[in-house]
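Notes to accompany the following structure.
No value in this document is a laboratory result; all are computed from the given coordinates. These numbers were taken from a predicted model, which means no experiment stands behind them. No Cβ is skipped: glycine too gets one built from the backbone with ideal geometry, and neighbour counts run over all protein chains shown.
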Amino acid sequence: MEMRKMFALELEKLMNKNENVVLLNADLAKPNGFGNFSLKFPKRAINVGIAEQNMASIAAGMSSYGFIPFICSFTPFATRRICDQIAISICYAKQNVKIIGSDPGISAEYNGGTHMSFEDIGVLRSIPNIVIFEPTDNAQLKNLLPQIVDYKGPVYIRMFRKSTPDIFDENETFNLFKSQKIKHGEDISIFCSGIMVDETLKANKKLEEMGINAEIINIHTIKPIDEESIISSVQKTKAAVTVENHNIVGGLRSAVSEVICENYPVPMRSVGIRDTFGQVGKMPYLKEIYKMTEKDIISAVVAALEAKVY
């Protein structure tokens, strides 16, 4: 199932259960999977039109009256376009607003550079009082969405719209603020997020053939990051690689680097967009262009291991 459809199904359940949950969209309800919500919830599913700043401000006001607003748009419009409203009206005011940014990174595909947000995590990570969550698959999204509703404060959900490979069992449980160890290993720590978890697992098959025993950790919440898991892993492996669908400046690489540098410095390499803008293309092509394929992950692992101090 497409992630947007799973999100819509689970949000509908939550809205049926809790009348304070509301949905606001900026004329993109149908592309994001919420096309029928205005019929099902005529008073709680609101299209504000192409006015994202207004959407964020309305949500902040509704939160101050006890509602739990979800606001939804494509990633660049849900983050960089409304950055000031998120910073002041939502985070500074400590309002309970949940922000859905869809089609993150290269998943914007044919919408191209204007819609291809490589900096959304970096933009929001610098703002106090916000949680940044990127679900890896439907099982993780389904399990953690109720925790997001129960959490009192701003949350940014970086949502892939299309279908994703099943990484986790549907009965697996998650903690919003704890990373998920997918595989134990001794040689190197690989920290990955979002759609790049599957790419990492593909690379791991070849790493195993090469005799490299990697520890793979899914960082689904990038802020606040699970420092304890990062530190304990690199203390064991003495080397690290980050893998993300985002600019390596400001995203997962930056967050993990901060933890490692301040607590247990080890050689580290990264896979992700290397500080450039987006372009039109399908995801397989864009992964090649931005060096985000399994072979690039393998190269990063080998480079980190070569720099490792034994």
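The figures follow:
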| read-out | value |
| --- | --- |
| Pairs from K142/K206; K17/K152; K5/K206 whose Cα-Cα separation, in the structure shown, is over 27 Å | K142/K206; K5/K206 |
| Once the Cα gyration tensor of region 228-288 is diagonalised, semi-axes √(5λ) in Å | 27, 11, 8 |
| Selection from A60, M196, M268 lying farthest towards where the dipole of the chain points positive, charges on Cβ | A60 |
| Packing-based exposure ordering (other Cβ within 10 Å, fewest first) of M116, M6 | M6, M116 |
| Relative contact order (%) - the chain, alpha-carbon pairs under 8 angstrom, separation at least six | 16 percent |
| Amide H partners (placed H, <5 Å) of I68, local residues excluded | V21, V22 |
| DSSP beta bridges in the chain [antiparallel fraction, %, rounded to 5] | 15 percent |
| Charge dipole (debye, nearest 20) of the chain; +1 at Cβ of Lys and Arg, -1 at Cβ of Asp and Glu | 640 debye |
| At 1.567 mPa s and 4 °C, Stokes D of region 180-306 from Kirkwood alpha-carbon radius, µm² per second | 90 µm²/s |
| Rounded, prolate or oblate (a/c below 1.5 giving rounded, otherwise prolate when a/b exceeds b/c) for the chain by Cα gyration tensor | prolate |
| Percent RCO, i.e. relative contact order, over region 144-232, from Cα pairs under 8 Å lying at least 6 residues apart | 34 percent |
| Inter-site label distance for C261 and K40 at 7 Å from Cα along Cβ, in nm | 4.5 nm |
| Sequence of Y290, Y92 once ranked by neighbouring C-beta atoms within 10 Å, starting from the fewest | Y92, Y290 |
| Neighbour-count order for M283, M15, fewest beta carbons within 10 angstrom listed first | M283, M15 |
| Full-stretch length increase - N129, K152 - with 0.36 nm per residue and alpha-carbon distance subtracted | 7.2 nm |
| Most mobile listed residue (G105, G272, G66) in the chain, GNM with C-alpha springs under 10 Å | G66 |
| MRE, 222 nm, helices only [DSSP H, n ≥ 4, -39500 (n - 2.57), over the chain, to nearest 500] | -10500 deg cm²/dmol |
| Highest to lowest packing among 207-215, 148-156, scored as the average C-beta count within 10 Å | 148-156, 207-215 |
| Cβ charges +1 (Lys, Arg) and -1 (Asp, Glu), total dipole of region 165-310, debye | 400 debye |
| Interchain or long-range residues, amide H under 5 Å from V241's placed H | S189, I190, F191, R269 |
| Modelled FRET efficiency - R0 41 Å, K291 with E19, Cβ distances, 0.05 increments | 0.30 |
| Stretchable slack from N54 to K236, in nm (0.36 nm times residue separation minus alpha-carbon distance) | 60.7 nm |
